[in-house]
Amino acid sequence: MEDKQFLEIVVKAIVANPNDVVVDRTIDERGVLLTLKTNPADMGYVIGRKGQTAQSIRTLLKIIGAKNNSRVNLKIYDPEGPARHEAREAHRDTSRDDIDTSAIDDLKI
């Protein structure tokens, strides 16, 4: 249970809506699975730029798990699913096509 309490404390400290943080803890053949649910508006805080915050939280949970001789995995529940991320990636890819590079196209470097 240390892992669940740790996750709740850390996530509640970084989100704007701490009362919406819910952690479900299940145990299966692969170890402990913590499923984190937050307010959709707080997903950016939890995941962080390029996933760095989520990766850091996972690393700390693995350390806690190793201390207790168990494997701890974190699943971040996204109610909007992968569609939102695919849409964001599609927008990111097309936005580069809109950049006018005509001013530097003829440079001889």
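Within the set of pairs 6+ apart or on separate chains, which have a first residue in the range 20-36 that is at positive phi, a second that is surrounded by 12 or more Cβ atoms within 10 Å (Cβ to Cβ) and part of a strand (DSSP E or B), and C-beta atoms under 9 Å apart? Note: pairs meeting the criteria are GLY31/VAL72; GLY31/ASN73.
Is it true that some residue in the range 40-55 is within 15 Å of ASP78 (Cβ to Cβ), of a type in the set (D, E, K, R) and outside any helix (DSSP H, G or I)? Checked the range 40-55: no residue is within 15 Å of ASP78 (Cβ to Cβ), of a type in the set (D, E, K, R) and outside any helix (DSSP H, G or I). In the set (1) over 11 Å from the mean Cα position of the chain (by Cα); (2) at pLDDT below 90; (3) not in a helix (DSSP H, G or I), the condition left unmet by LEU33 is number (2).
The criterion of being hydrophobic (A, V, I, L, M, F, W, C), touching a Ser or Thr at 6+ places or on another chain (Cβ under 6 Å) and either within 15 Å of TYR77 (Cα to Cα) or exposed (fewer than 13 other Cβ atoms within 10 Å of the Cβ) (or both) does not hold for VAL32. The set of residues from the range 1-18 being in contact with a Lys or Arg (Cβ under 9 Å, 6 or more places away or on another chain) and not in a helix (DSSP H, G or I) comprises just one member, MET1.
The values are calculated or read from the model by the stated rules, or taken from the named source; none is laboratory data. What you are looking at is a predicted structure, and each value in this text was computed from that prediction instead of being measured. With ideal geometry, Cβ positions are generated from the backbone for all residues, glycine too; neighbour counts draw on all protein chains shown.
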